[in-house]
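This report refers to the structure that appears directly beneath it.
The values are calculated or read from the model by the stated rules, or taken from the named source; none is laboratory data. Note that the structure is a prediction, hence the values are computed from the model and not measured. Cβ placement follows ideal geometry from the backbone for every residue including glycine, while neighbour counts extend to all protein chains displayed.
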Ligand SMILES: Cc1cc2nc3c(=O)[nH]c(=O)nc-3n(C[C@H](O)[C@H](O)[C@H](O)COP(=O)(O)OP(=O)(O)OC[C@H]3O[C@@H](n4cnc5c(N)ncnc54)[C@H](O)[C@@H]3O)c2cc1C
């Protein structure tokens, strides 16, 4: 049985899979995991080890899917590794010193502490699966960043040794193999579309999910005692280009906000959706593929067009005399963290901060170059060969292609894009127009979670970026691992789930509507229109009137363009339903923006009608949720995880909750 229409033009490629939109598959699980990326895989492994029947549903293919599918080179907050000089508690203090009480880069307090406690354990788990977390082959014997006893290698802060250099290009295949070994049931190429709730009611216990196969179009009803959502966070709400989606960004093309939209529609309380920041809009160089001295390329020598070296300084502006000093805290400094907007207390070495000014005055000439040949051999090989090669999206596009094209780090420099002087050293990391935005790269908000990593809905847990955890591998792995312990324990004593047939039927009508139409627009036009709404009505400057107009436009696009979009095959159906998710995510963002009636620096949030920045009475989380279709606003203390009913310290809460 098929609803498939014949190709509409001679240029349309014939669909290569058998299509059966009418077929319905029913699958049962103790623990259902939606999104088989880093968090989802660690969750699946740990739930299976606890004896649960585990089902993973993945829109792509687990073996390579997700932001971590193409690799990882540095592992954050491995505070419990034997060489670390930083305890989890000290790391929490350091992160709090950011002054960003919303925990920008590191996620929220719960996920951040779980990261600090379990990040290294997840590496040991991975090592058992065959992932190289040490310099086993002694390629870097004698290097300053290597511990000779454990052969662990460190990045950024060689004194405190909390960030581990790993060889993670093959991490997903290793996780996939482990899922298979443990008998986890994997449904690749199935896009989940909604959460099912007891009695079909918003706000009730979650008892499963729906989805469809993006190749065959078959429908899936998943019935589960407990469910973990780990589908990343919404991206691509403001800027859209099919041509630029590939290697350029730090986002994952499958991060279309399905999980956030599903949780929202099911009635979960959400927070921090109002935080967004400028983005490249896709117009940047391939990640790590242009010369720079940050992140994976830290701390590469930089020279100007005449070969003149750019000096490095410590946080106090003192000139550093040698390369080694760049990797150590300055005199009297406890530790350093690497990342954007690091406060003075934690700031590591950098190029001279007035570089832009010096370029303007003619002291240095653009373009700049990353001068790999002048780096000591271990550092050079660590940057190009260890980091670039294992870092996400670098193995093939950068390491292999550049090498095959003749790039030799022993001889060649890599040019930095000619950008405004302020961005001259950044390697294509520059930002676009202010209305091209992304939900904050790190911790973009989403469902509120508690110390069990449970959302406000019974039976529904969240892990990885979906839980607002910091945008890093360690956090995804650690929260996946932790959420599985809780979800598996809940499943053991949970009532048998009962699916509400009406809820399933309604969802089928919604999902398949685009394949039932013959005339209408395509998903790309819908997506482009949606981005325009977000650019115009949820850009850099917001106000009640602008946001309300934006909501009107979102309603209008839902009722007109989205209700007329045609999908000619299951792939187009997936893209169309992703647009539906993005419309819902955009509504979530606009409602959250309306609920916060104050401007905020850490949230990158400007209200023209409430210009006061961070007034004390707004130092709180604003929450939003749906109740019978109506938006309900609420609030929570910023550090709700250390407020009543929780204990006042991270350690106490972790010890009380981390094991069932
Ligand atoms: C280029 C790049 C380099 C990076 N480098 C580092 C690094 O060196 N160190 C570091 O710590 N972090 C790094 N990160 C970040 C890190 O990879 C992510 O934080 C981590 O992978 C997030 O894990 P996750 O499980 O939350 O999301 P993901 O691993 O992306 O998993 C989400 C999964 O959900 C699936 N999905 C989405 N929607 C649906 C749906 N509707 N139904 C079913 N499945 C769905 C997706 O296909 C995906 O597989 C990097 C990221 C990128 C992109």
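Here are the numbers for this structure:
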| quantity | calculated |
| --- | --- |
| Positions within the stretch 356-374 being in contact with a helix residue (DSSP H, G or I) (Cβ under 8 Å, 6 or more places away or on another chain), assigned to a loop (DSSP other than H, G, I, E, B) and surrounded by 20 or more Cβ atoms within 10 Å (Cβ to Cβ), in sequence order | 364 |
| Residue within the stretch 197-209 that is within 14 Å of the ligand (Cβ to nearest atom) and touching a strand residue (DSSP E or B) at 6+ places or on another chain (Cβ under 6 Å) present | yes |
| Some residue of the stretch 544-559 being in contact with a strand residue (DSSP E or B) (Cβ under 6 Å, 6 or more places away or on another chain) and either surrounded by fewer than 22 Cβ atoms within 10 Å (Cβ to Cβ) or farther than 21 Å from residue 275 by Cα (or both) | no |
| Flag for residue 130 being at positive phi, surrounded by fewer than 24 Cβ atoms within 10 Å (Cβ to Cβ) and either within 16 Å of the ligand (Cβ to nearest atom) or at pLDDT 95 or above (or both) | yes |
| Leading residue by the ranking (farthest from residue 196 (Cα to Cα)) among those in the stretch 14-29 that are surrounded by fewer than 23 Cβ atoms within 10 Å (Cβ to Cβ) and within 16 Å of the ligand (Cβ to nearest atom) | 25 |
| For residue 443: the one exception among (1) within 11 Å of the ligand (Cβ to nearest atom); (2) at pLDDT 95 or above; (3) out of contact with any strand residue (DSSP E or B) (no Cβ under 9 Å at 6 or more places or on another chain) | (2) |
| Complete set of residues in the stretch 134-170 that are farther than 13 Å from residue 327 by Cα and within 13 Å of the ligand (Cβ to nearest atom) | 164, 165, 166, 167, 168, 169 |
| Leading residue by the ranking (modelled with the highest pLDDT) among those in the stretch 508-540 that are surrounded by 15 or more Cβ atoms within 10 Å (Cβ to Cβ) and over 20 Å from residue 578 (Cα atoms) | 537 |
| Test: residue in the stretch 79-101 that is modelled with pLDDT of 95 or more, within 16 Å of the ligand (Cβ to nearest atom), within 21 Å of the chain's Cα centre (by Cα) and outside any loop (DSSP other than H, G, I, E, B) | no |
| Residue 325 vs. criteria away from the ligand (no atom under 16 Å from the Cβ), surrounded by fewer than 21 Cβ atoms within 10 Å (Cβ to Cβ) and part of a helix (DSSP H, G or I) | yes |
| Test: residue in the stretch 107-127 that is buried (at least 22 other Cβ atoms within 10 Å of the Cβ), in contact with a helix residue (DSSP H, G or I) (Cβ under 6 Å, 6 or more places away or on another chain) and in a loop (DSSP other than H, G, I, E, B) | yes |
| Residues within the stretch 382-397 that are more than 12 Å from the ligand (Cβ to nearest atom) and assigned to a loop (DSSP other than H, G, I, E, B), tallied | 1 |
| Subset of the stretch 479-498 that is crowded, with 19+ Cβ neighbours inside 10 Å and more than 26 Å from the chain's Cα centre (by Cα) - its residue that is farthest from residue 15 (Cα to Cα) | 490 |
| Residue 337 vs. criteria crowded, with 19+ Cβ neighbours inside 10 Å and either more than 16 Å from the ligand (Cβ to nearest atom) or part of a loop (DSSP other than H, G, I, E, B) (or both) | yes |
| Selection from the stretch 598-615 of residues that are in contact (Cβ under 8 Å) with a residue 40 or more places away in the chain and either in a loop (DSSP other than H, G, I, E, B) or touching a helix residue (DSSP H, G or I) at 6+ places or on another chain (Cβ under 6 Å) (or both) | 602, 603, 604, 608, 609 |
| Residue within the stretch 30-51 that is farther than 22 Å from residue 259 by Cβ, in a loop (DSSP other than H, G, I, E, B) and more than 14 Å from the ligand (Cβ to nearest atom) present | yes |
| Test: residue 60 is near the ligand (Cβ under 9 Å from one of its atoms), in contact with a helix residue (DSSP H, G or I) (Cβ under 6 Å, 6 or more places away or on another chain) and assigned to a loop (DSSP other than H, G, I, E, B) | no |
| Qualifying residue in the stretch 420-428 (condition: within 16 Å of the ligand (Cβ to nearest atom), surrounded by fewer than 24 Cβ atoms within 10 Å (Cβ to Cβ) and modelled with pLDDT under 95) | yes |
| Which numbered condition residue 367 fails, given (1) closer than 22 Å to residue 156 by Cα; (2) touching a residue at least 12 places away in the same chain (Cβ under 8 Å) | (1) |
| Near pairs, Cβ below 7 angstrom, 6+ apart or cross-chain, from the stretch 59-80 (at positive phi) to any residue that is assigned to a loop (DSSP other than H, G, I, E, B) and more than 6 Å from the ligand (Cβ to nearest atom) | 71/168; 71/169; 71/394; 77/162 |
| Flag if residue 593 is touching a residue at least 12 places away in the same chain (Cβ under 8 Å), within 16 Å of the ligand (Cβ to nearest atom), under 27 Å from residue 255 (Cα atoms) and not in a strand (DSSP E or B) | no |
| Residue tally, condition buried (at least 21 other Cβ atoms within 10 Å of the Cβ) and outside any loop (DSSP other than H, G, I, E, B), over the stretch 271-302 | 6 |
| Enumeration of residues in the stretch 305-314 that are surrounded by 20 or more Cβ atoms within 10 Å (Cβ to Cβ) and not in a strand (DSSP E or B) | 310, 314 |
| Filter pass, residue 568 being crowded, with 22+ Cβ neighbours inside 10 Å and outside any helix (DSSP H, G or I) | no |
| Selection status of residue 236, within 14 Å of the ligand (Cβ to nearest atom), over 21 Å from residue 477 (Cβ atoms) and within 19 Å of the chain's Cα centre (by Cα) | yes |
